[in-house]
Structure formats: structure tokens, C-alpha cells
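The values are calculated or read from the model by the stated rules, or taken from the named source; none is laboratory data. Since the model is a prediction, treat every value here as computed from it, not as a measurement. Cβ placement follows ideal geometry from the backbone for every residue including glycine, while neighbour counts extend to all protein chains displayed.
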Amino acid sequence: MNKTEVSELLQALPEQLKEVEYDYYGALSRLEDTKLALHAKECELFSQGLITGKNEQMRDAEIWQHSHELRRALLKAKMAVDQTKVEYDYMKNKLENTQLIARLLLQIQ
């Protein structure tokens, strides 16, 4: 990697990192929205008297009937957060490594 390539990367990576970070926090926001929607649905079910199970397993089964789509959406949102976190960490590490390479190239001169 020569100085020109390092310079170009140092100019491009912060913007790329910003975009990936934006995606990551968007995914976190969607995850929290999904959690809130699931909790609201469960509260609604209890307040309407639709959950009458005598033990936790029975209540979980009754809740599942009404909330399985939200639970699936919650799993997808968690996976999206994990994927965007990996991308964010990769870009952050790439920027840090490029900065280190730039410092080393400056010391060589």
C-alpha cells in the first residue's frame, strides 16, 4: 500500500464509517421499536382477559398464538443489529489500521 492509497482511504473511510454507524443505530432503533410493540401486545392481551393460563407455560402458549409474528420480527431485528454491528466494527478497525499505516509511512520518511 503506497502513500496515495493510504491518503485516499483516510479520506473515504470516515464517511463510510459514518454511514455504517447510521445503519447500526437505525437497526438498534428498529429493535427497540419491535420490543416495545411486543410488550404492548402482551399487555393488551392481558388487559383484554385473553390470557387465562394457570401456569407460565400455558400463558406463554396463549401469548404465542397472538404474538408469534412480532416475536419473529424481533428475531429479525436482533439479527439486523448483529449484522450492522459487524459491519461497523469492521469499518472502525479498517480506519484505525489505515491511520496506523499512515503513521508508520510518515516515520519511514
>> Condition check: in a helix (DSSP H, G or I), in contact with a Ser or Thr (Cβ under 9 Å, 6 or more places away or on another chain) and surrounded by 15 or more Cβ atoms within 10 Å (Cβ to Cβ). Does residue 9 satisfy that?
In response: yes
>> As an exercise: evaluate residue 17 against (1) surrounded by fewer than 16 Cβ atoms within 10 Å (Cβ to Cβ); (2) in contact with a Lys or Arg (Cβ under 7 Å, 6 or more places away or on another chain) and give the number of the one condition it does not meet.
In response: (1)
> Do you know which residues across segment 91-109 are touching a residue at least 60 places away in the same chain (Cβ under 8 Å) and either of a type in the set (Ser, Thr, Tyr) or outside any helix (DSSP H, G or I) (or both)?
Replying inline: 98
>> Looking only at segment 33-75, count every residue that is surrounded by 12 or more Cβ atoms within 10 Å (Cβ to Cβ) and within 30 Å of residue 92 (Cβ to Cβ) and tell me the total.
In response: 5
>> Can you report the number of residues in segment 1-37 which are closer than 28 Å to residue 108 by Cα and free of Cβ contacts under 8 Å to residues at least 60 places away in the same chain?
In response: 7
> Under the condition of being hydroxyl-bearing (Ser, Thr, Tyr) and without any contact (Cβ under 8 Å) to a residue 12 or more places away in the chain, which residue from segment 44-82 is nearest to residue 28 (Cα to Cα)?
Replying inline: 47
> Of all residues in segment 55-76, which are closer than 15 Å to residue 34 by Cα and touching an Asp or Glu at 6+ places or on another chain (Cβ under 8 Å)?
Replying inline: 67
> Within segment 28-48, is even one residue modelled with pLDDT of 95 or more, farther than 20 Å from residue 97 by Cα and not in a helix (DSSP H, G or I)?
Replying inline: yes
